[in-house]
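Just so it is clear, none of the values below were taken in a lab; they were calculated from the coordinates. Everything numeric in this text was worked out from a predicted model, so none of it was measured. Cβ sites come from the backbone with ideal geometry, for glycine too, and all protein chains shown count toward neighbours.
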Amino acid sequence: MKGYNSRDVARLLGLTVAQVRGFARDGFLTPGRRGGGGRGLQFSFQDLVILRTAKALVAARIPTRRIRRALKKLRLELPRGRSLAELRITAEGDRIVVSDGETAWNPESDQTHLDFAVSDLATRAAPIARRTAQAARAAEGTLDADDWYELGLELEAVEPAEARDAYRRALELDAHHADAHVNLGRLLHEEGLVQEAERHYRLALRENPEHATAAFNLGIALEDLDRPGDAVEAYRAALAVDPRLADAHYNVARLYEKGGKKAAALRHLSIYRRLTS
């Protein structure tokens, strides 16, 4: 369900079609083929983010070897299962820093001037995303739950309302789709529908008790519902699955500090600092 062809990408980013195809050949992107086996490449919104970064690095005359290394790490470290529109990509010294205001990832690069909000790219891409959503509705009978889920991922950054509809459609076809529950829950959470979000996070955990993202998001929802004790348990469940989940350590530390558990708070804060240093 990738919605951007080579010409779309070139026009959005101010690149030539040949440049777009060249980066695809280098292996930094994950394009599909139109119609499953056609010749035309189809790109995802994540591909757009990577290409936008590549364009800035090329313009800054960064050595090709360093660009390749930076883009490879960026591709691996961009978050999945959350909206890329939250992110800002900047250069900090000799590193590319991908941040959402709370957590940062550091794909290595040489020093350059790079600072863009992914939301700006999302705004320009929105008309094409709407076209993709319309095409999906026209082909509804041929799409399965995973197709609708992937469409939701593509639409989150550019058309959140369409993304919610896609996740709901995925769940109509497969009520056991844990990832669709998580992402729909997060979009509802962002709308302020916290109790409904909690329900979807718990449904995801019922389907997959080791879904760290579902447990972490549940913790945030429980905090927003003023249930700090339950939130700590949810964060601890997330950490039992993924001990390197830095934000969960930070949130547990903060809640322990508020609850007067100084030693436990310091322990988790120390782990958080080690993971993010």
Given unit charges at Cβ for Lys, Arg (+) and Asp, Glu (-), the dipole magnitude of the range 175-277 about its Cα centre in debye, nearest 20, is 640 debye
Sorted on mean Cβ neighbours within 10 Å (highest first), peptides 12-24, 255-267 come out as 12-24, 255-267
State the extension gain, in nm to one decimal, for the chain segment bounded by S277 and A18, taking 0.36 nm per residue of separation less the distance between their alpha-carbons.
89.4 nm
Of the range 219-253, those with amide N under 18 Å from the point 7 Å along the Cα→Cβ vector of A263 are 253
